[in-house]
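See below for the structure under consideration.
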Amino acid sequence: MNTSDQACTEAAACLPPAHGTAHAGTARADAQPALSSRAVRAWRYLRLALHLVQGVATIALVYPFTARTTHQALRRRWSRRLLGVLGIELEARGEAIAPGCMLVANHISWVDIFVINALVPAAFVSKAEVRAWPVIGWLAARNDTIFLRRGSRGHARIINAETAALLDAGCNVAIFPEGTTTDGSTLLHFHGALLQPAIACGHPVQALALQYRSPDDRFSAAPAYVGEMSLGECIANIVAAPRTIARLTVAAPIATADGADRRMLAARTRAQIAGVIGVGVTGEG
């Protein structure tokens with residue numbers, strides 16, 4: 001303690017106790033966590049804004065002059081830092097991800113993409129609506145994202161060809177075969193059509209089971225982006241959580257070179273993910 005601090009402490013000790021001191025002290029103690037929580041949220045929002053600006057600048061100024069391998073390294077580093085900004089810690093379990101694999105994951109949130117990219121850079125097959133999202137859509141479009149227009153067979157053939165080309169080039173391509181998000185406590189039907197490009201070009205498939213947990217290993221719905229929730233509301237829920245664990249459990253690759261059936265492959269990967277997150281598989285696949 002320095003001299004001025006000591007003097008203040010001694011002076012305070014000589015003052016008579018004020019009326020209601022105990023109540024005032026309790027009120028201040030109660031207010032401190034709230035003030036601290038607000039400060040953490042404000043700091044995270046500021047860092048998030050700065051991180052998005054840095055991502056846009058990198059893509060605009062660095063990507064045009066560098067190769068895909070550099071883009072992938074930058075994407076992985078940027079995704080890891082994004083998780084840190086949001087208070088999310090990556091926890092990887094299971095097998096290593098092999099290059100040129102189609103990655104099949106359950107879908108909970110927009111942040112799933114960055115959780116996977118933080119482990120291994122991947123191109124994503126995403127719904128076309130994401131392309132219109134402010135900033136995020138622009139970032140996605142310049143990071144090998146394949147935008148799928150649902151209900152168009154002609155467009156599906158184009159998507160299959162783009163996916164196969166990326167796999168043949170040794171890139172990982174990630175899909176969310178549920179077609180929508182859940183809160184992470186359930187698992188929907190897997191649409192096998194999205195796995196067809198891997199079968200057609202004979203590349204293996206790996207299942208990724210994604211879970212969001214609290215620091216004491218309880219289920220967390222904070223990152224869930226479901227129902228009528230807006231993107232802003234989802235971000236607010238993530239920012240408000242003190243700390244979240246993103247647990248990614250990777251299964252062993254499944255070979256498709258022998259002409260695997262896409263429905264059976266969808267059922268198998270779904271069962272692998274269901275076994276990790278602890279939900280039933282009856283009547284699905």
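The values are calculated or read from the model by the stated rules, or taken from the named source; none is laboratory data. Here the structure is a predicted model, which means the values were calculated and not measured. Note that we place each Cβ from the backbone using ideal geometry, even for glycine, and neighbour counts take in every protein chain shown. These area figures cover heavy atoms from the full protein model, side chains too; ligands, DNA and RNA do not enter into them. Shrake-Rupley method; radii C 1.70, N 1.55, O 1.52, S 1.80 Å.
Summary of values
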{"item": "ILE146, sole failed condition from (1) open to solvent by less than 10 Å² (accessible area, probe 1.4 Å); (2) within 16 Å of the chain's Cα centre (by Cα)", "result": "(2)"}
{"item": "Qualifying residue in segment 89-99 (condition: of a type in the set (A, V, I, L, M), at pLDDT 95 or above and part of a strand (DSSP E or B))", "result": "yes"}
{"item": "Residue among ALA123, ALA92, ALA105 that is of a type in the set (A, V, I, L, M, F, W, C) and farther than 14 Å from LEU208 by Cα", "result": "ALA123"}
{"item": "In segment 184-203, the residues that are over 23 Å from the mean Cα position of the chain (by Cα) and not hydrophobic (A, V, I, L, M, F, W, C)", "result": "GLN196, PRO197, GLY202, HIS203"}
{"item": "Members of segment 88-123 that are closer than 23 Å to ALA222 by Cα and not aliphatic (A, V, I, L, M)", "result": "GLU89, GLU91, ARG93, ASN106, HIS107, SER109, TRP110, ASP112, PHE114, ASN117"}
{"item": "Test for ILE59: is it in a helix (DSSP H, G or I) and open to solvent by 30 Å² or more (accessible area, probe 1.4 Å)", "result": "no"}
{"item": "Number of the exception - ARG75 against (1) surrounded by fewer than 17 Cβ atoms within 10 Å (Cβ to Cβ); (2) within 30 Å of THR249 (Cα to Cα); (3) of a type in the set (D, E, K, R)", "result": "(1)"}
{"item": "Residue in segment 208-229 that is among the β-branched types (Val, Ile, Thr) and either crowded, with 18+ Cβ neighbours inside 10 Å or closer than 24 Å to ARG93 by Cα (or both) present", "result": "no"}
{"item": "Candidate set from segment 149-187 (those that are of a type in the set (A, V, I, L, M), more than 20 Å from TYR63 (Cα to Cα) and open to solvent by 40 Å² or more (accessible area, probe 1.4 Å)); member that is modelled with the lowest pLDDT", "result": "ILE158"}
